[in-house]
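Here's the structure, in structure tokens; my notes come after.
The values are calculated or read from the model by the stated rules, or taken from the named source; none is laboratory data. Quick caveat: nothing in here was measured; it's all calculated off a predicted structure. All Cβ positions, even for glycine, are placed from backbone atoms using ideal geometry, and neighbour counts span all protein chains on display.
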Amino acid sequence: MTIKKIVTIFFLSASVIVLLMSKTLDPKCPVARTLDIIGERWTILILRDLFLFGPRRFQDLQNSLSGVAPNTISARIKTLMDAGVIERRLYSEHPPRAEYFLTARGLDLKPALLALRDWGEKYTDGPKAPRVEDVKTEPVCVD
């Protein structure tokens, strides 16, 4: 293989990586923009837990998502926080401990989670899911 071919392959590979790493493949599409926020693996399950149980500590999320690396959960939380879907509140200052809760923007995702649950119950095998609509989750104001 010639140097020219190697360089060409390198630049093509780098271009593909940049394309895959770019946030929105179609910034004109609201579905694509939404998936940039909630479409990563495990993110919907973090939202599910916040809807079902209200504010959750990092350890609660980690216990619920057994087998998921802590850095993955942290990355998903950061994305949700950056998008204003969830917020973080300290419940202990010494040592610093935080919990995460849905914002009004996050609560607006409830119909999407219900639709996913209903589809899963209809088209996949397994037990019925807890009823998210029965859970009273309100946004929590932070001073």
Next on the checklist: For the range 72-103, give me each residue that is farther than 18 Å from residue 45 by Cα and of a type in the set (Gly, Ala, Ser).
Outcome noted: 92, 98
Item to check | Failed criterion for residue 84 (all others in (1) over 18 Å from residue 56 (Cβ atoms); (2) outside any helix (DSSP H, G or I) hold) | outcome: (1)
Checklist entry - Got at least one residue in the range 39-48 being more than 11 Å from the chain's Cα centre (by Cα) and either exposed (fewer than 15 other Cβ atoms within 10 Å of the Cβ) or modelled with pLDDT of 95 or more (or both)? => result no
Checklist entry - Name the residues in the range 103-122 that are touching a residue at least 40 places away in the same chain (Cβ under 8 Å) and not in a helix (DSSP H, G or I), would you? => result 109
Item to check | Count of residues meeting criterion [touching a residue at least 12 places away in the same chain (Cβ under 8 Å) and not in a helix (DSSP H, G or I)] in the range 50-81 | outcome: 6
Item to check | Per-region count, the range 32-88, residues of a type in the set (D, E, K, R) and more than 24 Å from residue 114 (Cβ to Cβ) | outcome: 4
Checklist entry - Taking into account only those residues within the range 88-140 that are modelled with pLDDT under 90 and among the polar types (S, T, N, Q), which is surrounded by the most Cβ atoms within 10 Å (Cβ to Cβ)? => result 137
